[in-house]
Structure formats: structure tokens, C-alpha cells
Amino acid sequence: MTRQSMFALCTLGLLVLVAAVPVSATCYAINNTITVPGATVFIGEQQLNLNNLTASDPLLKSDDAIGWWASAASPATSAPARSYRLSNLDLGSFYVSPAAFGNWPGNWYGMKNGMWDGGPALFSVQDPRVSLDIWDLSTATTVTGGTVHRGDYLAFRISTNMQSALDPAKRGQSATGAEAGNFDLQVKGPTGITYTELLSGTGSDATSLTSQNANLPLWFWGTKDAKVPSSSNAAANWSTGAVDQTGQNAYPSGVYTVTARSRLNGMYDNYQNGGATYTGKTVSQPATVSISVPRNPVIPETS
């Protein structure tokens, strides 16, 4: 088959995208403006604005489709394995549908008349991932699944690839205040209470767990610069020995469960695993820690 006939078949066979309406119950606009070609977008994100790409890549103005090539294929010499007509896509409110893009991660290019337009990748689709560990600042060790003593200071470590959504060189900040932040942290206590903030330091201040900007692939809540904790790199964190206004322990003994949940543009609701929350992708596997008695409890004297 000649290259010309192959591209002709491709043109005839361009897929018609069936409109899929996102089901997100809550969609925060988090860096949803794609400013330059090649930015990473994640499966399940909705309401992404790709219109700025026409300024960065003038070729897009005359394109009629976008296409995906397998990693071993060359856009210059082969037909795309997957393609969509631009008339079927709303570039002002683009939805990275799991059905349409979930099995085709990687670079998507502009096309005209069934051929690659010769320009750079418009965007790169990635499968999101996130995991969380609990870090004991008092002992400089991870304590996920273990036990800490009341009075220890704890931090949380998020491992993710979604930090790229906060890259100011490729995605624009379109939200401020309560809507900013690509993750919410949640801590559920042994009595069933879910905490959205934790007492830090001596227990006089509360530090929020919501709207966290995890802008590093390994990002720490509870340190000065969000990097690896140390004796000199600790900030507002979880003081497990804090007391409440009545002087009682704010955090009773027992098991606490911590998760990190994506806030990016509706993906938590849109990208699911057989109708269930997609653990490991839009929400972390729950991490647990048990709070026990103080490290050096005072033993009362006996007569």
C-alpha cells in the first residue's frame, strides 16, 4: 500500500467522537488553561481550555483532526492508530474522556487531510497516579501501617505525577482561593471523625489539609519547602500530642486513616474503576497509623 493510499484510507476512516458528558459532581477549575503545545493532560480531566494552542501552534488553525501514533510508529510515514475530527471536539471545554483517550496515552498531534501537520505534539495524555505515606518527624522514618507515640509529630508524603498540572510554563492558573490546589488530604480518626485540618506545633494552631498544591513528584505536607523532612526542615505539621480547648487529648488513641484525593478538573468523579473510585489513580490507597501512649509516660510512684 502506498503512503498516499494509506493516508486516504485514514481520512475516510477518521473516527467520529461520540459526545460523552462528564459525570463530575464537583469540578474545580485547577490550571485548566493549556498555554503551550506538549502540556500533560490527565485522563478524566474536564473543562480544559485548549484555545491558546492556536496562538502557540498556528498550524492548528487549519487542522481538521488530531491523531495518536503508537510509540514505534512515525507520524511522518504512517497513518495514526487513533484519530478524532476537531469538529467533534470542544477545544474551549475539552474532556479527556476515559473512553476516548484512556487506552491511548502519550502524544496527540494535529492533522490535516489525514496527515500529520508536521507540528509538535498538541498535548500528552497521561494516566494519573498517587500514593501516600505517613512520616514521623520525631524519628525521621515512615510509619505507614505502624504505631507512633502520642506527642510525635507527623507529616505526609505524596508520590504523584500530577505535579505537572501545576507547571506554570505549560498550564495557566485559572483559579484562586478555595479552588486552588490539586489535592485534598483527609484524616479519619478512630471515632469516625474526618479531619480537614490538624493541630500543629504545640497545638495552638490548625493547619489545613484541603487544597494542597503538590507541585513536586515527591511532595511533603508538614515541611518548610515540601521536600524531605529533617530536623531543620519541618513546618506546621500534625502534633499528635496536641490538646483541645478543654485540655483533653485532641487525638485519642487508635487507628487513623489518611488519603490524598485529586481535585483536578473533575477527574475524581469522571475516571473510575468499574463504577468505583479509582484507587491509586485519583485517590491514594488508604494509609494507616496508630497513635499509642506517650513515648516516655510518667509512671506514678507506689507506696
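Kindly indicate the residue of region 242-271 that is among the hydrophobic types (A, V, I, L, M, F, W, C) and not in a loop (DSSP other than H, G, I, E, B) and also farthest from the chain's Cα centre (by Cα) among those meeting that condition.
The residue in question is V243.
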Worksheet entry | Conditions (1) assigned to a helix (DSSP H, G or I); (2) farther than 18 Å from G38 by Cα: number failed by L59 | (2)
Discussion item. Just to be sure I understand the filter: pairs with C-beta atoms under 8 Å, separated by 6 or more residues or on different chains, first member in region 112-127 and more than 15 Å from L53 (Cβ to Cβ) and modelled with pLDDT of 95 or more, second member in a strand (DSSP E or B) and among the β-branched types (V, I, T). Which pairs pass?
Written reply: Q126/T40; Q126/V41
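Can you say whether L53 is assigned by TED's automatic domain parsing to the domain that holds W104, under 22 Å from A99 (Cβ atoms) and surrounded by 16 or more Cβ atoms within 10 Å (Cβ to Cβ), as far as the supplied structure shows?
On the way: assigned by TED's automatic domain parsing to the domain that holds W104: yes; under 22 Å from A99 (Cβ atoms): no; surrounded by 16 or more Cβ atoms within 10 Å (Cβ to Cβ): yes.
Judged against the criteria, L53 is not a match.
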Discussion item. Condition first: in the same structural domain as T194 (by TED's automatic domain parsing), within 23 Å of T142 (Cβ to Cβ), small (G, A, S) and touching a strand residue (DSSP E or B) at 6+ places or on another chain (Cβ under 6 Å). Can you find one or more residues in region 272-281 that meet it?
Written reply: no
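Tally time: how many residues in region 102-114 are crowded, with 20+ Cβ neighbours inside 10 Å and outside any loop (DSSP other than H, G, I, E, B)? Give the steps one after another, and end with the answer.
Going through region 102-114, the residues crowded, with 20+ Cβ neighbours inside 10 Å turn out to be 108-111, 114.
Okay, now just the ones that are also outside any loop (DSSP other than H, G, I, E, B), so 108-111.
Qualifying residue count, region 102-114: 4.
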Worksheet, complete the sentence: Residues of region 25-62 being charged (D, E, K, R) and modelled with pLDDT of 90 or more, in sequence order, are E45
Worksheet, complete the sentence: Those residues of region 125-155 which are surrounded by fewer than 16 Cβ atoms within 10 Å (Cβ to Cβ) and either in a strand (DSSP E or B) or at positive phi (or both) amount to S131, A140, T141, T142, G145, G146, T147
Worksheet item: What are the residues in region 220-251 that are of a type in the set (A, V, I, L, M) and modelled with pLDDT under 85, if any?
Response: A226, V228, A234, A235, A236
Discussion item. I'm checking my understanding of the structure. Among residues of region 272-294 that are part of a loop (DSSP other than H, G, I, E, B) and not small (G, A, S), which one is nearest to A155 (Cα to Cα)?
Written reply: P286
Worksheet entry | Exclusive hit being under 30 Å from Y84 (Cα atoms), outside the structural domain of A81 (by TED's automatic domain parsing) and not polar (S, T, N, Q), set L154, L166 | L166
Worksheet item: Does T77 satisfy being surrounded by fewer than 19 Cβ atoms within 10 Å (Cβ to Cβ), touching a residue at least 60 places away in the same chain (Cβ under 8 Å) and closer than 21 Å to S262 by Cα?
Response: no
Item to complete: Confirm whether A8 is among the small types (G, A, S) and at pLDDT below 90.
Response: yes
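The values are calculated or read from the model by the stated rules, or taken from the named source; none is laboratory data. Just so we're clear, the structure is a prediction, and the values are computed from it rather than from any experiment. Glycine gets a Cβ as well: all are built from the backbone with ideal geometry, and neighbour counts include every protein chain shown.
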